Each structure stands twice: as structure tokens, then as C-alpha cells.
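To keep things clear, I will list the structure first and then write my remarks on it.
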């Protein structure tokens, strides 16, 4: 079971249960050069109070999520004395936790790791639920494992240096999670939205903890993603396709935001609550998601087909009808999908 | 739970439970060129009676157990339409099942696979217990997963074309398993040894089923290899070191046979049953294991240290005292180990 901790000034006081778990083991802190420059020294210092630690630098950005990087990192770890009792610490955003978590899943057939998520998105989403993996040239996240960290330590201070596009990505996933899982959380989001957009650290700390908790509760019912965990795919069916056809020039968060907006056109004719959808679109609008670049409807349709096949066979669309009440696996006729997509793309592509 | 089936003429009558499991799915048969030449056509024909099937060729030998091969194979599978419901079939020896099993473990975070082991060693050992993986330059089996196949189909006819060194490797692991786990099986082995050495197919079929059953029962108590599963490491502590220092010119089976012989010098001074050990050494002797090439005692000691650290932290030596009764985690003082090894190496290195 993963323990999740969020707050300000978290690391100086590594909790005693985690100290006991780590004591006497060898640790490796893995992170990219920009994140190490910002936080590496302090984090290493706090961890060294608990265990032996070496620091390894990873390539920056999505380029790190490759098998070749995993292979080189594994060899470096072994040469530095890694063994079955070692613990990996993944300091960074979702890319780092995806790579390091997958490395921990397969090194010596599985060792322990701790997630130290430095982005809002990683704190409330990527580090929660145990999904890890790398990309292939032909498909993102094609190879991976379900291998949860023993702990997620989300230090709120790290969010002060976050680029605004990264803040937005986290807020997009927060809206998504609340919309499909938790009506009370959706209400709270509306109330706190302005302060969250202003990067109020107390509010962001509250948000990470709440959204991670909601997601973790769902994941516990469907760890291997064969059923209701598909609810978290809200906005992702079109979102993944938008990322793919734009060559990933649109960020994941922005693509999902557009993906959620699009679902309105499927939800409302099926009887979804109009007030709820107006509120949801209102929250997204205030995020300032950039408009989409021009995209081909045909390519989008093809990419949607591929995504459904490889990632989520037969799960269909996720449609929220009321706050915290959504259906997954909704099949949408091709003709309706085509028509809705045409309207969506011609209808101005901004939020 | 893996279902194990062994026998002659197994494939034409794929059992109905497996047919039901496979029906409607897409299958991929993965194997090396020499094995495909021997068995590919017939196997593909029988499987095509049950599901859609494509055939992919893998590099031959230990060279296949690399991340780069896994990556290329994964990309080829995705381009040919593999998805979460696909099933991989691993036709070949332990190298093929290690690679394909690991690929199945990580492709789309885990899909189903079926082991079709064509060597005796793979039938009674490699395909049993769920261990899969690839090598790194710095360490064999450094990356992997526990991911058992849904079924092991061990066709005895495949053993007729097996090189004699491969037959010997299987018999070595059979002796090992019986010695540490199963007194009744050890008795049976003695009785049937001549017919097994003569490659009697009925006897080999019996052997695969019995040894796989004994191993599977142990594995069920310790799936992730944190405790008593270390018993299966009998003969492997020195065996792995012998493989490493000879640059893998000594086969795994022969190295383990020498490793078991060596353990006699640790077992007898600790009160092990002399009659049992004489019988065990007698069985090994009749296998005709080639003598060891000259090896450096220093390098062996260093390799033993490395192996214990990375593979089996703190598990120490496995020492059988009576048939089916062994201890694992026995610590041997360095001075005794050095002295025993010196005698073993100077004392003629053949069995």
C-alpha cells in the first residue's frame, strides 16, 4: 500500500514509519538536471539523514522515457552497487516517476521506490495509482508495469517554481477527477478555483491530498485497470488523439482540457445535467488553455481508433452526467462522432 | 494460476479450457529460426485451429535476451495489431520464454502468454515459476518480472531432436530439485536414471510433469523469491560464478552440476547423510558432465560475492542434508570457503 503525504516543509521531518522502512538500505536519487539544480541539494541532504544516498542524473523531458535510458540507468545503478534491498527516489514530474517507477519494477524483478513529485500533475495524478512505463517510437506508454511506490512525498514548496503551463496541467486533471468521482470535491473546486489559479500554496497542498485520495480510492477497486478505473480516462479519448496528431506540441493537460470540452457535445444530448456542464466548462475556461492548432478531422478519427484499440480495448467514451456521476464504456456511433467532431473543430478551437 | 500440461501428441488436442481462454483473441508465435524450422509449421497449424496467429522470428541463443530485442519485438507486435487482449506464445528453450515472458509482462503493462518449452530444462524448470527477464551487459537476468504464463504446454515429442548437452542440462536441474524438495522423487530418479539418460520419451514426460509439480508447489509458497524459493539455488551459488568467470563457455546445466558437487565439501562436515550424498554424486557422475576448464580461485570468490549481493542478498548457501531436506541461507566462513574451493579446484575438476 502506498502512503501519500502532502504539505509544506515535509522533507525535513521524514516520518518515522518511512525512516524505519529505509534505515540501513542504499538509496539512489534520480532526477533531471534542471530539477536537481532547483531541489537536488536540499532533498539529498534530508535523505542522507536517513540512509546512504547516491545521485544520478537523467535526461530532461519526455526523451527520458525510453528503454535505452532505462538500460543505461540500470547499468549505472548496478555498477554503483544497487541490489535487491536498494530504494530508488524519483524526484521530478510524471516523466521521471514513469521511468524510475518502471525501472524499480523490473530491476532485479522489482525493488522499492519512493515518488517525490515536483509538479502539481505528478503530485495529484502521475505518482498515484502505480502506473509506470516508457514510450516506444510507435506508441506512448507502450511498455510498463503496475508498481506503486512505497510512499509519495509531495512537498508543496516545490510548486512555487512551477511554470504556469504545468500548474494548468495539474488543475485540468483535478477538475477531471472531481467531475467523474466526487461531487463534494467538485463543489470545493468551484469555491477555491480563484485561489488555486493564484497558486495559493495552502490551497494547492489541500488539492493534491484530496485529488490523490479520490483517485487512490478508485484505483484500489481496479488496480490493473480492467474496469471502472477507465473513468479516469475522461477527456483522454480525444485528448490522446490530439496529442498524437499534433506531434505532442499540445501538452497532455491542454489536450485533456480540450477533450473534456468535446465530451459536452456527447453528454448533453444524452441527458447530462446542463448546470453541471456549464460549471465544468466555466472552470476549464478560466484556466486559459491555448487554442488548438488546426487539426485534420480524419487523422483525429484514426488516432481515436488506434488509442481505443491499444490502450483501452472496448472501454469507449467516459461521460459525466452529474458531479461525481459518470459512465465509462459509452459507445458513440461513428456518424455522431464524426458530426460532433466536425462541429467542435469548426466552432473555434479555443476554450 | 498457471496450468501445466505434459505429454506426447499434446498440441493437436489443445484442451477445451485453453481453447475457451484463447478463442476470439489474436495470437503471436515467437521463436528462433532453428526452432521454427523444426516445429514452427506444425505448432502454428494447431494454434490456428483455435485463434488468429502471426509468426515472428527472434534472434537465436542468449543474444535474444536483450532490451534492444524486446524493444524491436514490441514495436513489430504493435505494428501488426497487438493489443491488450493479444496472447504471446513462446516456442523454445529458457531464453525464448525468459524474453517473451518479460515482453508479455510489460507490453501494455501486462498481457497473457503461453509457454511452449522445447527443451527438457525449459519444460521442468524455466517455464515454471513465473520468472522472466533479460540480461544487461553487466549482469545476467538483471531486468525482469514475475509474470507466469496462463499455460505451459510441454510436448514430449520436441525432446527427440534435443542435443545431448541440452538433455543433460534438464537432468541436472531435475536432480537438483529432487534433492532439495522431494525424497520420493529422488528415489524415483535413481530407479529411472538409466532410461532417462537413454532419452526414453515416456520417462521424460513423467519427469517434466513431476519436477514441474514439485517446483510449482514450492513457488506457490514464495512467489516473489524472498524466502524458501532460495532452495532452488542449490548448486547455483558456485554455478553462477563458474559461468561468469568462464565467460559463459560452461553451460548453465554443467556449471550447476559442478556447483552441486562442490556443496558436498560443505555438507558432509556439517553432518549431512553420506549415503544420500554418494547417491547424488553418483547420479551426477553418470551424466558425463565435461571437466571444468582451469579457473582462478580469486576470480571465483569475487564472483560468488557479487552473485550473493545482487541476486540473493543474504541467502547464503543451500545445503541438502537428506533427500528432500535442505537448508538455505547457510553462512560459510570465508576461510572455510577458500579452503574448500582450493581443494575442489586442485582435486581434478571433472565429475
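Bear in mind that the values in this text are calculations on the coordinates, not laboratory data. It should be emphasised that the depicted structure is a prediction, and the values quoted were computed from it without experimental measurement. Here Cβ is always computed from backbone atoms with ideal geometry, including for glycine, and neighbour counts include all displayed protein chains.
Key figures for this structure:
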| quantity | calculated |
| --- | --- |
| The stretch B:216-248 - residue that is on the phi > 0 side of the Ramachandran plot and within 17 Å of the chain's Cα centre (by Cα) and, of those, surrounded by the most Cβ atoms within 10 Å (Cβ to Cβ) | B:235 |
| Scan of the stretch A:223-239 for residues that are over 20 Å from residue A:182 (Cβ atoms) and within 14 Å of another protein chain (Cβ to nearest Cβ), ordered by number | A:224, A:226 |
| Within the stretch B:86-114, tally of residues that are more than 8 Å from chain A (Cβ to nearest Cβ) and in a loop (DSSP other than H, G, I, E, B) | 3 |
| Filter result for residue A:98 (surrounded by 24 or more Cβ atoms within 10 Å (Cβ to Cβ) and either out of contact with any helix residue (DSSP H, G or I) (no Cβ under 8 Å at 6 or more places or on another chain) or under 29 Å from residue B:76 (Cβ atoms) (or both)) | yes |
| Of all residues in the stretch A:137-180 being closer than 30 Å to residue B:75 by Cα and touching a strand residue (DSSP E or B) at 6+ places or on another chain (Cβ under 8 Å), the one that is surrounded by the fewest Cβ atoms within 10 Å (Cβ to Cβ) | A:146 |
| Scope the stretch A:34-44; condition over 11 Å from residue A:55 (Cβ atoms) and in contact (Cβ under 8 Å) with a residue 24 or more places away in the chain; matching residues | A:34, A:35, A:38, A:39, A:42 |
| Among residues of the stretch A:27-85, those that are part of a helix (DSSP H, G or I), out of contact with any strand residue (DSSP E or B) (no Cβ under 8 Å at 6 or more places or on another chain), away from chain B (no Cβ under 14 Å) and within 30 Å of residue B:226 (Cβ to Cβ), counted | 2 |
| Residue that is surrounded by the most Cβ atoms within 10 Å (Cβ to Cβ) [pool: residues in the stretch B:115-136 that are farther than 9 Å from residue B:97 by Cβ and within 14 Å of another protein chain (Cβ to nearest Cβ)] | B:131 |
